[in-house]
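Below: the structure, in structure tokens.
Each value in this text was obtained by applying a stated rule to the coordinates, not by laboratory testing. Since this is a predicted model, take the numbers as computed values, not measurements. Cβ: placed from backbone, ideal geometry, glycine included. Neighbour counts: every protein chain shown.
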């Protein structure tokens with residue numbers, strides 16, 4: 001608190017990482033100090049939402065999942081008509097699974113952020129994503145999710161095109177993405193990147 005009980009605002013500048021933490025300084029001062037990584041992580045987590053996708057499910061008009069071996073896309077003209085393929089895919093999309101995919105992505109949350117400013121996406125398998133999901137909305141906006149290398153427990157690294165950080169998504173989410181647009185009764189044909 002300042003004089004007379006007024007609130008003061010201070011700006012802390014956080015720089016490059018070094019052994020033991022991050023170079024930092026208060027904007028109005030020239031003294032440089034090191035802040036522990038856990039403090040920087042907590043600051044970043046408080047600024048970034050764990051919810052990484054947000055849209056109304058009824059606004060989704062087109063879904064596309066691209067994997068190493070193929071791309072499957074489907075769209076819906078309206079709620080009553082359901083989903084139909086727009087790619088050369090045999091059969092009919094399983095409505096329940098496509099809707100489950102839309103529902104999963106609509107509330108997609110990062111389990112954790114692992115790199116806020118990645119110098120390279122290669123360590124996460126995101127330089128050549130295992131899966132890319134495009135969600136196209138009725139207002140012509142599009143959100144693109146990329147999944148990368150899977151972790152031993154089945155979770156995967158991921159990122160959104162419009163965001164810099166790399167985060168982790170659940171095994172359940174990756175499984176739903178892999179099966180979401182497949183034709184009725186077809187086994188998953190998307191090859192996982194290990």
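For this structure, a couple of remarks:
- Percent of Cα-Cα distances greater than 18 Å, calculated over the stretch 3-47: 38 percent
- Fluctuation leader among 12, 34, 169 - the chain, Gaussian network, Cα springs under 10 angstrom: 12
- Sorted by Cβ density within 10 Å, fewest first, the residues 33, 55: 33, 55
- Max mean-square fluctuation residue, GNM over the chain, Cα-Cα springs under 10 Å, options 94, 119, 75: 119
- The stretch 57-179 shape via C-alpha gyration tensor axes, a/c threshold 1.5: prolate
- Calculated P(r) tail over 20 Å for the stretch 4-100, as whole % of Cα pairs: 63 percent
- Least to most buried among 116, 124 (fewest other Cβ within 10 Å first): 116, 124
- Among 27, 100, 110: highest mean-square fluctuation, GNM of the chain, C-alpha pairs under 10 Å: 27
- The stretch 45-106 - percent relative contact order, Cα under 8 Å, separation 6 or more: 28 percent
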